[in-house]
Amino acid sequence: MKKILLIFSLFVGGFLSAQGNGDYVNMTFVKTTPGEDYGTILNEKWKELAQMRADEGTITGWDVWWRPGSTEASDWNMLIVTIAKDPDSLGANAGVLKMRPDYTEMDVEIFSQKNIKARTIVWDQTLVNKGLNFAGNEGETPVAPQVAVMNLMKVGYANAYEYEKAENSLNSGDLGSRLGWGLLKRLDAAGEDVYYDYMTIDFYEDWKTMMSTREATEKLPKGLQSILNLRTHQQSVPLWLAIQVRPQE
């Protein structure tokens, strides 16, 4: 009897350890304008503002991801991710004057027009973390490795609870070649005509490791087979980390 209780406790502990940390995540899908060097604007201006917001506790993270393989025909080629513990904090304490308080109204206008010219915001979406597994993580916003794969899922309301439970159960233990895993639920839109309502993200040390997992053809784990009946895998998008901000100690 004691052995059964121990096994049950280990199972429950593993399942709970993968539950979401409650982070709210804003994802801005961007299409950059050729020749306008939006990357420099991000590095020289917006990164500085993000670091200020992180250090004062408004946000817990800010990342910029490039989409390898994107072309001028692609809908978007860059993803900007803002992470916070409260949804109201995602857009709080931001703005040009916070990072450049000495700017005149003309300076702000010139910079704003330059920023607008350098990129087009394609989508702006809000999600909440519902599952997390990083080695040694205790619920904080983890430091992301170099490569991530974003998997867009269509689940629907009827399967949402079972889907979240199944994903967390499947990804609560050893992640194999992955350094981390996360499950996000979309909050800004819902319904039959919404392309995706959940997202999983797999994190890898490098591009080679990520590609090796795609190259391998193996029998699906039993847990994954059950998940297939709960969702439709709409799209899988590899990403490369360009900029990362976390609170400085």
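Rule-based calculations on the coordinates, nothing more; no lab input. Treat the numbers as computed from the prediction; the structure is a model and nothing was measured. Here the Cβ is made from the backbone with ideal geometry for all residues, glycine too, and neighbour counts use every protein chain on show.
Amide H contacts of Y196 (H built 1.01 Å from N, in plane; Pro and chain starts excluded): no residue 5 or more places away or on another chain comes under 5 Å.
Enumerate the lysines that K98 could reach by cross-link, defined here as Cα to Cα under 19 Å, with residues fewer than 8 away along the same chain left out. Correct list for K98: K45, K47, K114. Between the range 214-232 and the range 126-198, the alpha-carbon centres lie 15 Å apart. The phi-based Karplus calculation (6.51 cos²θ - 1.76 cosθ + 1.60; θ = phi - 60°) puts the 3J(HN,Hα) values of the range 133-140 at 8, 10, 4, x, 6, 10, x, 6 Hz, whole numbers, x for Gly and Pro. Taking all Cα pairs closer than 8 Å and separated by 6 or more residues, the relative contact order of the range 23-245 comes to 29 percent. Full extension of the chain segment joining D124 with E72 gains 16.7 nm, where the gain is 0.36 nm per residue of separation less the Cα-Cα distance. Simple rule: put +1 on each Lys or Arg Cβ and -1 on each Asp or Glu Cβ in the range 23-245, find the dipole, and look at N26, A144, V155; the Cα lying farthest toward the positive end is V155. Loop-located chymotrypsin sites (Phe, Trp or Tyr not before Pro) in the range 138-203 (DSSP state not H, G, I, E or B) with no more than 12 neighbouring Cβ atoms inside 10 Å: Y157, Y195.
Using only side-chain charges placed at the Cβ, +1 for Lys and Arg and -1 for Asp and Glu, the dipole size of the chain relative to its Cα centre rounds to 860 debye.
Taking Cβ atoms as reference points and 10 Å as the exclusive limit, the residues near P247 contribute a net charge of -2, counting Lys and Arg as +1 and Asp and Glu as -1. The GluC sites (Glu not before Pro) of the range 106-189 meeting both criteria, a DSSP state outside H, G, I, E and B (loop) and at most 11 other C-beta atoms within 10 angstrom of the site's C-beta, are E138. Restricting the range 77-153 to chymotrypsin sites (Phe, Trp or Tyr not before Pro) that sit in a DSSP loop and have at most 14 other Cβ atoms within 10 Å of their own Cβ leaves Y103.
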